[in-house]
1. Suppose every Lys and Arg Cβ carries +1 and every Asp and Glu Cβ carries -1, with no other charges. What dipole size does the stretch 420-519 come out with about its Cα centre, to the nearest 20 debye?
2. Relative contact order (percent) for the stretch 99-181, with alpha-carbon contacts under 8 angstrom and 6 or more residues of separation?
3. Might you tell me the accessible area per residue for the stretch 420-519, computed with a 1.4 Å probe and given in Å²?
4. List the extent of the Cα atoms of the stretch 416-502 along each of their three principal axes, largest first, rounded to whole Å.
5. What is the set of long-range amide H partners of Cys459 at a cut-off below 5 Å, with H atoms built 1.01 Å from backbone N?
6. Exactly which trypsin sites (Lys or Arg not before Pro) in the stretch 456-525 are in a DSSP loop and have at most 15 other Cβ atoms within 10 Å?
7. When the gyration tensor of the stretch 99-181 is built from Cα positions, what are the square roots of 5 times its three eigenvalues, in whole Å, from largest to smallest?
8. If we sort 256-263, 100-107 on the protection proxy, mean other Cβ atoms within 10 Å, highest first, what's the order?
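The values are calculated or read from the model by the stated rules, or taken from the named source; none is laboratory data. On a predicted model such as this, the values are computed, not experimentally measured, just so you know. No Cβ is skipped: glycine too gets one built from the backbone with ideal geometry, and neighbour counts run over all protein chains shown. Accessible surface areas use protein heavy atoms only, side chains included; no ligands, DNA or RNA. Shrake-Rupley method; radii C 1.70, N 1.55, O 1.52, S 1.80 Å.
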Amino acid sequence: MEVAGPWTEVFEGSERKEKSGVAETLLGSSTLTLAPLVADSPCVRRSQPIFITSSRYDQQGVESFSSSVPSIPNPFPELCSPSTSPVLIGSFPPPSSEKHLIKVYGEDSYSKSVWVSRRATARDVCHMLVQTAHCSDQENWALLELHPTLGLERCLEDHEVVLEVQATWSLKGDTRLIFCKNYAKYEFFRKPVLFFPESMISDSADVSKGMTSSELIQNLLRSGTCPEIQGFLHVKEPSRKAWKKVYFFLRRSGLYCSTKGSSKEPRHLQYVADLEDLNVYTVVNSRKLYGAPADFTFCIKPSRNPVRVQDLKILCAENEQTRTCWTSAFRLFKYGKQLQCNYQLSKAAPRSLEGTKLTDGKASLVAMDFSGKAGGRVIQNPTEAQNAEREEGQAWRRREALRCSLPNLNSGARPSSIHKIQPWFHGGVSRREAQRLIEKQGLVDGMFLIRESQQHGQCFVLSLCYQLKTKHYLVIPCEDGGRKYFTMDDGLTLFIDLLQLVEFHQINKGILPVCLKHPCVCVAL
């Protein structure tokens, strides 16, 4: 038999005997096997799997094998978190870091991710977004907590910690934060009589202590406390579509309802909820979602639990003033002096960002003055630069408006479109959407926007808020002396464009009940 390779013959059953000093080989019946030729060496064991520790050094303090492999960051962290999650979980820094990434949406449905500290408040996040979005002022900005599916929204208080609020959200929900204007956050401190009518202030002796309704309202301005509120509300019965009209009392100790009309006797009062653990939300589209008898709906829910339909206490008021009174009273009873402090801080905040340096690498414009004989100079004073910008813009606008208002001798002539770049112009939004925008940014006197009329061609509509109601005024184009103008009073007062109309009514009321004060803007991050 021929075998390739170095092999030796081994006969099983043979043994070497050395008893008599003579080597004698015994060949018995044996079998022939083949074994590889191996040099004399220690016994070799099969290879075993090597355990690689997760840390840089192993138990003996020696640098492990895995330390030679560098860590590769994930270039697409947003793909590692749920698509509907408001927080980019895959983009979080290591647990030891104090920074967290949150996502904030603008009113154009686009979002911006910002790094915030663990204890960052809503005021801190708003100031950060004001600078990154280059907003014109730092006042009246807010973060809106929005639950689109349930139609709930509320404005976060300035002192609330954003990460603690997000911790109560469901990861499977569509909850998000919206960066927007809110002029009505502290409006009840400025006009308490409008927000707390005397008919809703309780005359309970243990609360008023002999004070009249006017004195209670004045006390609100001084101390931030709120008088007891009472009135009828429609309440949605649990697990049913029916609504029931019930008399409610809001006191410092909690929310109560009367089981017998409007009786205040203790035996007729039923405890409803504790204010310390509640958040109050405004309900949007409540007629369609919950079958509410009116659009002035709000709800309360436990602040520490995720939003569930069975936990909501949905209430409906008769009008907007009543709803605003109840929601404002809930806030004042829950936070008290803290809201007073927030109000003082908001008044002390700077109204503009003059002199702020941009650090995001974007180019900025430089104000120049070419009026002198020595050539142009850079205007260093921010106030002078702002005045020069305003004067130049107004001069250009007048030239453009006069050119467009000339007799239409050329078929290619078109009206002035300077209004399209103004923050208060909202294009062809509907009447209902205009009311919704004004309501979301605060029902304060003088809040306004201009939109295209959907019923009258080439006309516009001025939507204005006054006494918690939105009024609409038609702006009609007309001609006088061969030139085109706009008017709201049948030609008595003419304006060369919509911008001049707004500027005039910011100083003069004209036919309006109040001057134009706060433009309803759409924030884009």
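1. Rounded to the nearest 20 debye, it is 380 debye.
2. Dividing the mean separation by the residue count of the stretch 99-181 yields 36 percent.
3. Values: 4900 Å² over 100 residues.
Here the residues of the stretch 420-519 average 49 Å² of exposed surface.
4. 42, 22, 22
5. Residues meeting the criterion, in which the H sits 1.01 Å from N, are Ser453.
6. Working: sites: Lys469, Lys471, Arg483, Lys484, Lys509, Lys517; in loops: Lys509, Lys517.
Loop-located and lightly packed - Lys509, Lys517.
7. That gives 19, 15, 12 Å for the three semi-axes.
8. 100-107, 256-263
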